[in-house]
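K.L.:
Structure in structure tokens, see below.
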Amino acid sequence: MNDAQRLSLLKRTLSYCYDHAPHYRQAFTAAGFHPDALRSLEDLAHVPFLRKAELRSYYPTGILAVDKRRVVRYHASSGTTGSPTVVSYTKADIATWASMVADCLRLAGVGEGSVIQNSYGYGLFTGGLGLHYGAELLGASVVPTSGGNTARQVKILQDFGVDVLCCTPSYALYLSEVVAESGIDPKELPLSVGIFGAEPWSDSMRRRIEDAFDIKAYDIYGMSELGGPGVGMECAGQDGLHIWDDKYLVEVVDPETGEVLGEGEKGEIVFTSLWKEACPVIRFRTGDISHLYDSRCGCDASDQRIGRIVGRTDDMLIVRGVNVFPSQIEHVLSKIQGVSGHYQIYVERKGALDDMEVYVEVTGELFNDSMGEIIELQRAIEHEMYAVLNIKVRVRLVEPGKIPRSEGKAQRIIDRRML
Ligand code: DLL
């Protein structure tokens, strides 16, 4: 899709929001902006941002641009503070969303004949129903296991000829361990594709899961406020998330100043929806950190791309004045032999000082090693963390299975500072 076509979609969206959603009419007017003034895609920079806190204030309907009677579905974000943000969908929204998810699955080679185990949670969370509708539209067979009941998940993986697994990457890793513990080599399962997302995960985590199951693991991105899963998706090249040109405009801004950054520069991702009827989002500050690609992909989907999400602005820990992202810690751990991929970060305030401790689970083989070797490994990880983060971190190695597993998004950070 070329820029002129996208400009016309953007104009239509802004006028629609101005005419139908009181929030946008007020916000645009307060900023001295009128949709008729939009001349180029760059003019979007004059439109005010939409923040999560503003959306929250529209609980429990969301920022409605349609009569409430046209809403056919509600979902809500998994937010941990205050009221969740609610997102409403019209019939047309549900249909467009399903087609987006179907297009994403197609990028991963999924289609008619595929058997999909959908272990994303069904309910207010968008993961379960989002993947479900897309998969059915494609004509694939869906086994709607939802999250939890891991023993049953393993049985279904074995019995239903499942070749596509959809869940969070941390749950996929856990499933591979449970399969192995039951005496079956996960590689022997007919699985060939994983559609993993809803939380940040590194390339080393990807390799771990791909090796465990002998599959190709694709990253899928999404957020309730933007519609749900299917906003971004990797193709077989596994190089960046494709964002459908006719569905979103993407900007990257400096999280502090809001200034628009150039291609390749890392910052907060800001989305403008071009398709949403009930709850359109204009310049929505996602809090997710990534960058825009400056080139299109060589695959059939020549849409815009962003890098995989490296963290969130509010996930970023500030420990003794230093910015720390869980992804940096995961990166350090990925280079160390003998650790399992499960870890948790504890931050406390001791006196006036922040204290950070990382609990790292080791593999069974390492756990049988001598105490001396374990202490040596602990020191080596602490040393490497210091080199990367520039702050002292205590590392505590724990036995296999000690870090709590999650059926959905993994909880990596426990911040007890009460800041
Ligand atoms: O997590 C939607 C989703 C469901 C995406 C299933 C993918 C698969 P929320 O619960 O609103 O929606 O959480 C959105 O999760 O802002 C990111 O911080 C994080 N996130 C989602 N996908 C990815 C990903 C769903 N692929 C928040 N990589 C987002 C990194 C992700 N972070």
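The values are calculated or read from the model by the stated rules, or taken from the named source; none is laboratory data. Since this is a predicted model, take the numbers as computed values, not measurements. Glycine also receives a Cβ, built like all others from the backbone with ideal geometry; neighbour counts cover every protein chain displayed. Heads up: the accessible areas ignore ligands, DNA and RNA and are worked out on the full protein's heavy atoms, side chains in. Shrake-Rupley method; radii C 1.70, N 1.55, O 1.52, S 1.80 Å.
K.L.:
Considering only the range 318-359, state which residues are in a loop (DSSP other than H, G, I, E, B), open to solvent by 40 Å² or more (accessible area, probe 1.4 Å) and out of contact with any strand residue (DSSP E or B) (no Cβ under 6 Å at 6 or more places or on another chain).
P.N.:
If the condition is that a residue be in a loop (DSSP other than H, G, I, E, B), open to solvent by 40 Å² or more (accessible area, probe 1.4 Å) and out of contact with any strand residue (DSSP E or B) (no Cβ under 6 Å at 6 or more places or on another chain), then Gly321, Lys335, Gln337, Gly351, Ala352 are the ones that fit.
K.L.:
Only one of these is part of a helix (DSSP H, G or I), open to solvent by less than 60 Å² (accessible area, probe 1.4 Å) and hydrophobic (A, V, I, L, M, F, W, C): Val162, Val142, Val110, Val154. Name it. Show your work before the answer.
P.N.:
Numbers: Val162 fails: part of a helix (DSSP H, G or I); Val142 fails: part of a helix (DSSP H, G or I); Val110 fails: part of a helix (DSSP H, G or I).
The match here is Val154.
K.L.:
Then there is this: I'd like the residue in the range 198-237 that is open to solvent by less than 10 Å² (accessible area, probe 1.4 Å) and under 18 Å from Gln153 (Cα atoms) and, out of all such residues, is farthest from the ligand (Cβ to nearest atom).
P.N.:
The residue in question is Phe213.
K.L.:
Where in the range 209-297 are the strands (runs of 3 or more DSSP E), entirely inside, with at least 2 residues that are at pLDDT 95 or above and closer than 21 Å to His46 by Cα?
P.N.:
Numbers: elements: 216-223, 228-233, 241-243, 248-253, 267-273, 284-290.
Here the list reads 248-253, 267-273, 284-290.
K.L.:
Just give me the residues in the range 59-97 being in a helix (DSSP H, G or I) and within 14 Å of the ligand (Cβ to nearest atom), in sequence order. Talk me through it step by step, then tell me what you get.
P.N.:
If we filter the range 59-97 for residues that are in a helix (DSSP H, G or I), which is where we start, we get 68-70, 91-97.
Trp97, the sole residue that qualifies.
K.L.:
Next question. With the requirement that a residue be without any contact (Cβ under 8 Å) to a residue 60 or more places away in the chain and more than 20 Å from Glu376 (Cβ to Cβ), what does the range 314-346 give you?
P.N.:
Asp314, Met316, Ile318, Gly321, Asn323, Phe325
K.L.:
Looking at the range 147-166 only, could you name the residues that are under 21 Å from Pro229 (Cβ atoms) and either at pLDDT below 95 or among the charged types (D, E, K, R) (or both)? Please lay out each step first, then the result.
P.N.:
Taking the range 147-166 first, the residues under 21 Å from Pro229 (Cβ atoms) are 147-148, 153, 156-157, 162-166.
Of everything in the range 147-166, those that are under 21 Å from Pro229 (Cβ atoms) and either at pLDDT below 95 or among the charged types (D, E, K, R) (or both) turn out to be Gly147, Gly148, Asp163.
K.L.:
In the range 252-273, what count of residues is obtained for those that are touching a residue at least 60 places away in the same chain (Cβ under 8 Å) and crowded, with 20+ Cβ neighbours inside 10 Å?
P.N.:
Result for the range 252-273: 3.
K.L.:
Continuing with the same structure: Could you tell me whether the range 308-317 includes any residue that is part of a strand (DSSP E or B), open to solvent by less than 20 Å² (accessible area, probe 1.4 Å) and on the phi > 0 side of the Ramachandran plot? Steps first, answer last, please.
P.N.:
Applying the first criterion (part of a strand (DSSP E or B)) to the range 308-317 yields 311-312, 317.
Now restrict to residues that are open to solvent by less than 20 Å² (accessible area, probe 1.4 Å): 311, 317.
With the extra rule that they be on the phi > 0 side of the Ramachandran plot, the set shrinks to 311.
Yes, some residue in the range 308-317 is part of a strand (DSSP E or B), open to solvent by less than 20 Å² (accessible area, probe 1.4 Å) and on the phi > 0 side of the Ramachandran plot.
K.L.:
Tally up the residues in the range 34-73 that are more than 16 Å from Pro280 (Cβ to Cβ) and touching a Pro at 6+ places or on another chain (Cβ under 8 Å), please.
P.N.:
Of the residues in the range 34-73, 2 are more than 16 Å from Pro280 (Cβ to Cβ) and touching a Pro at 6+ places or on another chain (Cβ under 8 Å).
K.L.:
Continuing with this model, one more query. Could you list, in sequence order, the residues of the range 275-287 that are open to solvent by 10 Å² or more (accessible area, probe 1.4 Å) and either within 17 Å of Arg305 (Cβ to Cβ) or of a type in the set (Asp, Glu) (or both)?
P.N.:
Glu277
K.L.:
Give me the pairs, please: first residue somewhere in the range 1-19 and in contact (Cβ under 8 Å) with a residue 24 or more places away in the chain, second residue anywhere and open to solvent by 40 Å² or more (accessible area, probe 1.4 Å), beta-carbon distance under 7 Å, and either six or more positions apart or on two chains.
P.N.:
Qualifying pairs under 7 Å: Met1/Asp246; Leu9/Asp246.
K.L.:
Taking the criterion of being basic (Lys, Arg) and touching a residue at least 40 places away in the same chain (Cβ under 8 Å), would at least one residue in the range 205-222 satisfy it?
P.N.:
Initially, the range 205-222 is screened for residues basic (Lys, Arg), giving 206-208, 216.
Applying the additional criterion that residues be touching a residue at least 40 places away in the same chain (Cβ under 8 Å) yields 208, 216.
Yes - at least one qualifying residue is present in the range 205-222.
K.L.:
Restricted to the range 238-249, and to residues that are in contact (Cβ under 8 Å) with a residue 40 or more places away in the chain and surrounded by fewer than 20 Cβ atoms within 10 Å (Cβ to Cβ), which residue is farthest from the ligand (Cβ to nearest atom)?
P.N.:
Asp246
K.L.:
Also, quick follow-up: Sort out which residues of the range 165-185 are surrounded by 23 or more Cβ atoms within 10 Å (Cβ to Cβ), out of contact with any Gly (no Cβ under 7 Å at 6 or more places or on another chain) and not in a helix (DSSP H, G or I), and write them in order of number.
P.N.:
Hits for the range 165-185 are Cys166, Cys167.
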